[in-house]
Amino acid sequence: MQLRLNGEMRLVAGAILGAALLAVPARAEDIVIKMWTLDNNGYKEFIAEAAESFKATHPNVTIEHQIFPGDPYKTALKVALVGSDGPDVFFNWSGDRAKQLIKDKLALDITDFGNAPGGFAKVLPEGWLDAFRYDGRLYGVAMDAVSKYVFYDKAYFAEHKLEIPKTLGELGALCKAVRGINPDTIPMPLGNKTRWKAIHWMTMLNERAMGVEGTAADYDLSRPADQLYTDPGYAKAFQALVDLQDAGCFEDAPNATEYAIADSMFATKASPMEYCGTWCTSGLDAAGFTDYGFFRLPVMEGGKGSADANFLVPEGYQVSAKTAHPKEAVEWLSFLVSDEQGLKFAEKVQFLPSNAKLIDKAEGVPQSFKDIARDVGTLKQGVNVLDALLESTVADAYMNATVEVLNRTLTPEAAVGKVREAALAAQAKQ
Amino acid sequence: MPLPPTPTITGTSSARRPALTAGSLTATAMMAPALILIGVFILIPAVVAVIGSFFDFSMTSANWTYVGGDNYRRAVTDPLFWLAISNNVFIVVGSVISQVGGGAILAAILDRGIRRGNVVYRTIIFMPVVISSIAVAFVWMLILDPNVGPLNAVVKALGLPTPRLGWLGDPSISLWMLLLIAAWQNVGFQMMLILAGLQAIPREHYEAASLDGARGLKAFWYITLPGIRNVLVLATLITVIGGFKVFDLVFVTTGGGPANATQVLGTYTYTQAFAFGNMGYANAMAVVLLVTAVLLGWLQVRLSRRA
């Protein structure tokens, strides 16, 4: 009797417990997604607002956002990813840096998460997905792209009846005209102390000389060793830089000038032009300079490049292979590239979003931003930047060679020789 | 049940060892935090660096491949490694002359030459020592900027030519500029060391020497120099070790450029490790730097003891 009663009691207790479990939904585990990005204007605010909005569908997910300046970020990220307290999702450039992390199994293959309903692969165009696609798998989500244009002071051009150049030769002539107006005016300051400004020039000058297809096999080191970097177009591109320097385009000591000083020369109208990234628009607006126009780097006379190609570097986010929450991490990234967030990203950060479906509705952005976004939309070919695209030792050799060409301690041909030497060594190691 | 025999300590060894007193226990306990910190942040990384120098690996790769002495052989044939070493030697020699020499001259002036405002001058000269190297580097970057820097403006105002490629952009003068910045920052420290040495020499020695007819250069040679010999040795060794270890100043002002012209062992090791991912090779160079620093440190201790 006693046993029978106990059994009944157990049944009742079990039923009550079961009912209670069904009535109260299980409390989801609290999840923290640690996110690392660069310190760009408006980025912090954009992520903070997006994280709040994300809570509507993911109330248990908290986004912990940390920002870093550019150069320290590159080192800090590698150290953190190897360690045990790294970010779950992190900013990265497409190209060699992303590829290296994939090779070392530090970046997660997110193809399946991306292809799930609502995933980023269902939202972004194929061209953008390619930015982080390796061997057919997706290892990142493209968030935006940066491009470069020659920005110019409209009022200065109108006052002195200067015209937008159509070729590099005309650009040189334009620089001479500016020097003719006032010899102390630097037409387009370079600011190459940290070496990346001139490598951006070389990125486009190589394209203008040889076209994207002409350089691809050298850049990824797939060309046979005896032909690697032997195209005379490389020396021609260096020579074009020398010609512009001879035309007085740049300051006297470009390799000793900080890029920030070059930027401020244009922003304060001390110089009428600057070859600058699309990220410069927010800085110019902040400095109160809005009356500027822009044009693509002109084509090279007799070159194989195309006026429809321009500097375009996709950037985005990757997911750490060590994350404990890959599903939520990718859902967060997919949320960031949704139509609505693409629009907010454009408004807050003023970078060209990978999802630009609503870009025309953007409010509070300068007209120049919309014009640039429109121009980028007409590009037939994007040209990725050499310091992110090339194998690191080759990129370093290219940057040093460019410094030496500007210093006139290397001829264009000798500079190509240095790059080829580094490329052969890198190819042999592969 | 009988207990096992208790082990006994034989008399000879215990007699040789000093007894573990409360005082020595306290001393050990007091030193423990420092020893632990040295172990964790210096000794263990140093051992790992030595081991790592015999492997090929990148910072992000999981696999270490044993390569024996290849990384050291690579250093021997790497022209940039030798350039970095020669730049270090240049900085060491230049720093000894400018910092120790300059510090000695300033100390002598303050000790003997200036009657008023001694403390003010001393404070002004010493001030850069307490500023962080990074801040010093940024300030000098602005001073030396070819477009907006005051140095160019002053030189031009004097009707003199400025370097076409900039003070930090010209490979032939950029290393000299680093030397100048390092001297500006550190000469005050050497001055204080030497001044303390000078002031420790009893005045009676000079008075006695003066009665014997030894003045000026003779007094300097026979009294001052032997009197501050120990301090000079110490100042020189500190400068030499600092010259070999230099990193932050070069990293911020030139980044080792233009085109590797100012590359030193510290920055080149950093570049190989973090830009190119050659951690094994970077470790080998770090070991070279470590051995150099240890040898110089040993020399310092030895010379100090002898003195």
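Values in this text are rule-based calculations from the coordinates and carry no lab data. This one's a predicted model, so the numbers in the text were calculated from it and none came from an experiment. Heads up, the Cβs are rebuilt from the backbone with ideal geometry, glycines too, and the neighbour counts pull from every protein chain shown.
List of remarks:
- Greater than 23 Å apart at Cα, pairs in A:K193/A:K269; A:K161/B:K156; A:K34/A:K55; A:K161/A:K269: A:K161/B:K156
- Relative contact order (percent, whole number), chain A, Cα cutoff 8 Å, 6+ residue spacing: 25 percent
- Restraint check, A:K99/A:K348; A:K44/A:K78; A:K78/A:K197, Cα-Cα greater than 31 Å: none
- Anisotropy class of the stretch B:23-95 from Cα gyration tensor, a/c 1.5 cut: oblate
- Between A:A373, B:A183, B:S210, the Cα set farthest toward the positive side of the dipole of the protein assembly as shown (charges on each charged residue's Cβ, about the Cα centre) is that of B:S210.
- With a 10 Å cut-off around each Cβ of A:246-257, the average count of Cβ atoms from other chains is 6.
- Positive-end residue, the stretch A:146-216 charge dipole about Cα centroid, Cβ charges, pick of A:F157, A:H200, A:G172: A:H200
- Test item: Cα-centred dipole of the protein assembly as shown, Lys/Arg +1 and Asp/Glu -1 on Cβ, debye: 2780 debye
- Computed over the stretch A:78-134, relative contact order equals 29 percent, with contacts defined as Cα pairs under 8 Å that lie 6+ residues apart.
- For chain B: rounded, prolate or oblate by the Cα gyration tensor [a/c cutoff 1.5]: oblate
- Using a Förster distance of 30 Å, the FRET efficiency for B:N118-B:I38 (Cβ separation, nearest 0.05): 0.15
- Positive end of the dipole of the protein assembly as shown (Cβ unit charges, origin at the Cα centre): among B:V48, A:A145, A:P254, the Cα lying farthest that way belongs to B:V48.
- Among A:T323, B:T262, a tally of other beta-carbon atoms within 10 Å of each Cβ gives an order, fewest to most, of A:T323, B:T262.
- The stretch B:142-192 and the stretch A:58-114: distance between their alpha carbon centers, rounded to Å: 40 Å
- Candidates A:V79, A:V146, A:V313, ranked by Gaussian network fluctuation over chain A, Cα under 10 Å, top entry: A:V79
- Inter-site label distance for A:K105 and B:V252 at 7 Å from Cα along Cβ, in nm: 4.1 nm
- Here the Karplus relation 6.51 cos²θ - 1.76 cosθ + 1.60, evaluated at θ = phi - 60°, turns the backbone of the stretch A:250-266 into coupling constants of 9, 5, 5, 10, x, 7, 10, 9, 5, 4, 5, 6, 4, 4, 6, 4, 6 Hz, with x for every Gly and Pro.
- In this label model, B:Y66 and A:D243 are separated by 5.8 nm, measuring between points 7 Å along each Cα→Cβ vector.
- Under 5 Å from the amide H of A:F294 lie the amide H atoms of A:Y152, each residue being 5 or more positions distant or on a separate chain, with H modelled from the backbone and absent for Pro and chain starts.
- Degrees between helix A:367-377 axis and first principal axis of chain A (Cα, 0 to 90, nearest 10): 90 degrees
- Anisotropy class of the protein assembly as shown from Cα gyration tensor, a/c 1.5 cut: oblate
- Listed residues B:V130, B:V154, B:V50, most fluctuating in chain B (Gaussian network, C-alpha, under 10 Å): B:V154
- Available extension along the chain between B:A196 and B:V139 is 17.6 nm, counting 0.36 nm per residue and deducting the alpha carbon span.
- Of all DSSP beta bridges in chain A, antiparallel share, percent nearest 5: 65 percent
- Taken about its Cα centre, the stretch B:70-306 carries a charge dipole of about 520 debye when Lys and Arg each add +1 at the Cβ and Asp and Glu each add -1 at the Cβ.
- Overall, chain A carries a charge dipole of about 680 debye about its Cα centre when +1 sits on the Cβ of Lys and Arg and -1 on the Cβ of Asp and Glu, all other atoms neutral.
- Springs join every pair of Cα atoms under 10 Å in this Gaussian network model of chain B, and among B:F55, B:F220, B:F126 the largest mean-square fluctuation is at B:F220.
- Rounded tilt (10° steps) of A:339-349 against the dominant C-alpha axis of chain A: 50 degrees
- Applying 1/(1 + (r/R0)^6) with r as the Cβ-Cβ distance of B:D111 and B:A46 and R0 = 35 angstrom yields a FRET efficiency of 0.30.
- Where labels lie 7 Å past Cα in the beta-carbon direction, separation of B:E207 and B:A293 in nm: 4.8 nm
- In the stretch B:70-306, Cα pairs under 8 Å separated by at least six residues give a relative contact order of 31 percent.
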